[in-house]
Amino acid sequence: MLKNYAICGAVLIDGNGGEPVANSTVLVRDGRIAEIGVNLPIPADMTVIDAKGKTLLPGFIDAHLHLCMGDKDLSIPGSGLPLGLADHAGLRVLKSYDYALKNLNAGFTTLRDAGDYTDNTMQVKKAIDQGIVHGPRIISSNMFLSTTGGHNDLYPSFLQRTDNPKNNCDGPVEVLKAVRYQIHRGAEWVKFFATGGIMDPHLKQEFNDEEVAIIVRETHARQKKVFAHCMWEQGTLAAVRAGIDSVEHGSRLTEEIIDEMVKRGTWYVPTLCVLDASATMGRDYGLSEYYCGRAKWFYDSNLEGVKMAKERGVKIAFGSDSGFNAQKHGTNGREFIQYVKAGFTPMEAIVCATRNNAEMLDLLDEIGTVETGKLADLVLVDGDPLADISILANADNITMVMRSGVIYKQL
Ligand SMILES: [Zn+2]
C-alpha cells in the first residue's frame, strides 16, 4: 500500500521555468501529485514531510548514460577489449543495478540508457519494471549499433569473433535486422554511432547515408525513437538529415547542422560534463595525456556548440554520459554546472533536466514537472540551487528522492 504524503514548507521549483513558490505544500496521494498550493490544510491520512529550508523539484531525468560501465570497471578507452569482458553476465547485471541506484540516490528518477555492449542493462530495467527490485525508471536502448571497425567494434583485429553480436552491422540487411533485434529485445530508443569518438577521428561518418536512412526509417516505422552518437560534422549532418530524434554529444556543430536541427525539431544532448571529467580527472583513471588533451578539445567544441544551439533555438535536453570513464554514476548533477558555464541561468539548466527531457522522452504527461495528476517523482534539495547550482552535483545535498510516490531516500 502506498503511503500518502504532505510535503510542507519547501521552495517549489516546478520544472516549467517560472518563479519559485515559497512555503509550498505538495500533497501526494496514491503515487500521484494530488494538490499544490501554499499553506494548504493537511488531510488526516497524510504523513507530513517538513521541508522548510529546502527546495522541492521534479525528479531529475538523465537522458544519456551507460549502466553497462562505471567506476567498478576498467574504463580505459583504447585498451582493446569491451569493458567487463571478463565478468560473468550475472555480475554485470548486479554492477549495472548498483550504478542505477547511485543515479537514483543523486535525485535522478528517470534514466535513458544510451547503450550497452550486451543486453544486461535491459534485465535491470525489466527487474525494476516488474517490481522485483526498486530503482529508477529506465528507458533502454539495449545494444548500441556500430559498423565493423566502428566506434563500438572494440575487439582487437587478431581476435576472430565466433559469437553473433547483433549490434555490429553493415549493409541494408544487417542494419535492418539489428534495429529489429534491439526493438524485439525491448529497446524503446535505438542508438547508433553516426561518427567515431575521441580516439577514432578517422570515423567522420560511421554508417553510410543508406544505412542511416534504414536505421531511422525502420525505428520510426516501429513507433520507436532513434538517437545517435555525433562527434564529427559529416556523420552528424547525415544523421540529422535522415531524421534522428536526438543528437548526442554534438561536437563540431556547424551552422548548416544547426539549421537542419531547428527546421526538424531535433533535440540536442551536449554531454559536457563527461568531456570535462575526462579532460580534468582522466589522468586519475589512467587515461593518457593525449586522450585528456583530445577530450579538452572536444569539450571546448561542445561548449561553443551549446551556446550556438541555444541562441538559435535548438531544443536542448540534458545528459551526463555517466559511466563513461571519469564521469561517475551519481555525479550526474555536474552537468548542471556546465550549462551555467555555457550561459544558461540555473533555472534554464534545471528545466533542461526536467521538463525538456520529459518532453523529448514523450513522458511529459506523466513526469518532468510538479503538476497535479502527474506521478510523484520529487526530490528535496538542501539549499537553493538557483543561488548555487553546484549543490545539485553532490548527492549528499539531495535529502529526499521519491519515485511514483515511493520514497527511496530520506536523510
Ligand atoms: Zn554515451
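Here, each number is a calculation from the coordinates, and none is a lab measurement. Please read these numbers as outputs of a predicted model, since none were measured by experiment. Reconstructed Cβ throughout: ideal geometry from the backbone, glycine too, with neighbour counts over all protein chains shown.
Ranked by Cβ crowding within 10 angstrom, fewest neighbours first, how are V38, V379, V190 ordered?
Working: V38 10, V379 25, V190 29.
Neighbour counts put them in this order, fewest first: V38, V379, V190.
Could you check what % of the DSSP bridge pairs in the chain are antiparallel, to the nearest 5?
On the way: 26 of 58 bridges.
Looking only at bridges with both residues in the chain, the antiparallel portion is about 45 percent.
If I model segment 1-57 as equal point scatterers sitting on the Cα atoms and use the Debye formula, what is log10 I(q)/I(0) at q = 0.21, 0.22, 0.28 Å⁻¹?
The Cα Debye sum returns log10 ratios of -0.73, -0.79, -1.16.
Going by amide H atoms built from the backbone, whose H comes under 5 Å of the H on T399, apart from near neighbours?
L380, V381, D382
In whole Hz, with x marking every Gly and Pro, tabulate ³J(HN,Hα) for segment 270-276 from phi via Karplus 6.51 cos²θ - 1.76 cosθ + 1.60, θ = phi - 60°.
Along segment 270-276, the couplings run x, 6, 5, 5, 5, 5, 4 Hz.
In 5 Å bins starting at zero, report the fraction of Cα pairs in segment 286-411 per bin as a rounded %.
Binned Cα distances yield the sequence 2, 10, 15, 20, 22, 15, 9, 5, 2, 0, 0.
Quick check: pseudo-label points 7 Å beyond the Cα along Cα→Cβ at W297 and L2, how many nm apart are they?
Label-label distance for W297 and L2, simple model: 5.1 nm.
Relative to the present Cα-Cα distance, how much length would full extension add between E255 and L40 at 0.36 nm per residue of separation? Mind showing how you got there, number by number?
Working: separation 215, 0.36 × 215 = 77.40 nm, distance 5.01 nm.
Extending this stretch completely gives an extra 72.4 nm.
Of K224/K310; K95/K224; K95/K310; K166/K224, which sit over 30 Å apart, Cα to Cα? Could the numbers behind the result be given before it?
Details: K224/K310 26 Å; K95/K224 27 Å; K95/K310 36 Å; K166/K224 18 Å.
Violating the 30 Å limit, Cα to Cα: K95/K310.
What does the helix-only formula give at 222 nm for the chain: each DSSP H stretch with n ≥ 4 adding -39500 (n - 2.57), the total divided by the residues, and the result rounded to the nearest 500 deg cm²/dmol? Walk me through the intermediate numbers first.
On the way: 11 runs with 126 residues, N = 411.
Computed mean residue ellipticity for the chain: -9500 deg cm²/dmol.
Kindly write out, for segment 223-238 in residue order, the coupling ³J(HN,Hα) from the Karplus curve 6.51 cos²θ - 1.76 cosθ + 1.60 (θ = phi - 60°), rounded to whole Hz, with x marking Gly and Pro.
Per residue, the Karplus-derived 3J(HN,Hα) values read 6, 10, 10, 9, 9, 9, 6, 10, 10, 9, 4, 4, x, 5, 4, 4 Hz.
Can you list residues whose amide H is under 5 Å from L203's amide H, if they're 5+ apart or on another chain and H is modeled 1.01 Å from N?
Distant-sequence amide H within range of L203: G196.
Please give the helix 171-184 orientation as an angle from the longest Cα principal axis of the chain, in degrees from 0 to 90, rounded to the nearest 10.
Compared with the principal axis, the helix lies near 30 degrees.
Assign one of three labels to segment 127-261, namely rounded, prolate or oblate, based on the Cα gyration tensor with a ≥ b ≥ c the square roots of its eigenvalues; rounded applies when a/c is under 1.5, prolate when it is not and a/b is larger than b/c, and oblate otherwise. Present the calculation step by step, with values, prior to reporting the outcome.
Details: a/c = 1.58, a/b = 1.19, b/c = 1.32.
It comes out oblate by the Cα gyration axes.
To the nearest 20 Debye, how big is the dipole of the chain about its Cα centre, given +1 on the beta carbon of each Lys and Arg and -1 on that of each Asp and Glu?
580
Suppose R0 equals 41 Å; then what is the FRET efficiency for H88 and T372 from their Cβ-Cβ distance, rounded to the nearest 0.05? List each step's numbers first, then the result.
Working: r = 46 Å, r/R0 = 1.13.
Given R0 = 41 Å and the Cβ-Cβ separation, E is 0.30.
Take the chain, connect every pair of alpha-carbon atoms lying under 10 Å apart with a spring to form a Gaussian network, then pick out the residue of A22, A44, A279 with the largest mean-square fluctuation.
Of the options given, A44 has the highest mean-square fluctuation.
According to the square roots a ≥ b ≥ c of the eigenvalues of the Cα gyration tensor, what is the shape class of segment 60-360, taking rounded for a/c under 1.5, prolate for a/b larger than b/c otherwise, and oblate for the remainder? The partial results should precede the final answer.
Details: a/c = 1.21, a/b = 1.08, b/c = 1.11.
Rounded, because the longest to shortest axis ratio a/c is under 1.5.
In whole Hz, with x marking every Gly and Pro, tabulate ³J(HN,Hα) for segment 111-124 from phi via Karplus 6.51 cos²θ - 1.76 cosθ + 1.60, θ = phi - 60°.
For segment 111-124, the Karplus curve yields 10, 9, 6, 9, x, 9, 7, 9, 9, 5, 4, 4, 5, 5 Hz.
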